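Note sheet for the following structure.
The values are calculated or read from the model by the stated rules, or taken from the named source; none is laboratory data. Just so it is clear, the model here is predicted, and its values are computed rather than measured. Positions of Cβ are generated from backbone atoms using ideal geometry, with glycine treated the same way; all protein chains shown enter the neighbour counts.
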Amino acid sequence: MKKILVLTIAAIIAVFLLIYAFIYFVPYSEGVRSGELIKISRKGVLAKTWEGEISQGISGAQIFAFSVLDKDAEAIDKLKEYQGEYVKLEYVERYATFFWLGDTKYFITKVEKEQSPHFRQ
């Protein structure tokens with residue numbers, strides 16, 4: 001009886017680890033988005049995560065919400081610095097997420113300041 005219980009618990013843990021590895025390491029897509037950075041904040045109750053938004057339209061009609069992992073400290077620092085500016089974001093989209101990783105499936109990997117297309121000279 002104990003052997004069956006141990007094997008069942010080991011199987012459940014193995015399945016959870018496989019699902020976690022798939023979600024964390026296998027990207028659904030990768031891409032680039034540009035827009036005005038309107039929000040970057042650290043939020044959460046049990047697990048604090050970095051969340052942000054960029055506006056991709058003139059009147060803010062299209063909002064792109066994203067998360068940033070704590071390991072991407074350089075991206076977090078740049079997002080704080082470029083608040084209110086036009087930025088280009090490189091991201092990885094995952095199939096799903098866990099609450100301790102972020103609220104969205106989009107995770108920012110690189111941030112660059114860019115000139116706004118609305119005010120070109």
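Look at PHE98 and say whether it is in contact with a helix residue (DSSP H, G or I) (Cβ under 9 Å, 6 or more places away or on another chain) and in contact (Cβ under 8 Å) with a residue 40 or more places away in the chain. It would help to see each step written out before you state the result.
Numbers: in contact with a helix residue (DSSP H, G or I) (Cβ under 9 Å, 6 or more places away or on another chain): yes; in contact (Cβ under 8 Å) with a residue 40 or more places away in the chain: yes.
Here the answer is yes, as PHE98 does meet what is asked.
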Inset, instruction - Quickly run through segment 24-80 and pick out the residues that are loosely packed, with under 13 Cβ neighbours inside 10 Å, of a type in the set (Val, Ile, Thr) and either in contact with a strand residue (DSSP E or B) (Cβ under 7 Å, 6 or more places away or on another chain) or not in a loop (DSSP other than H, G, I, E, B) (or both). - result: VAL32
Inset, instruction - Determine which single condition ALA14 fails, assuming it passes every other condition in (1) in contact with a strand residue (DSSP E or B) (Cβ under 9 Å, 6 or more places away or on another chain); (2) without any contact (Cβ under 8 Å) to a residue 12 or more places away in the chain. - result: (1)
Legend entry - Scope segment 111-121; condition modelled with pLDDT of 90 or more and either assigned to a helix (DSSP H, G or I) or within 11 Å of the chain's Cα centre (by Cα) (or both); matching residues: none
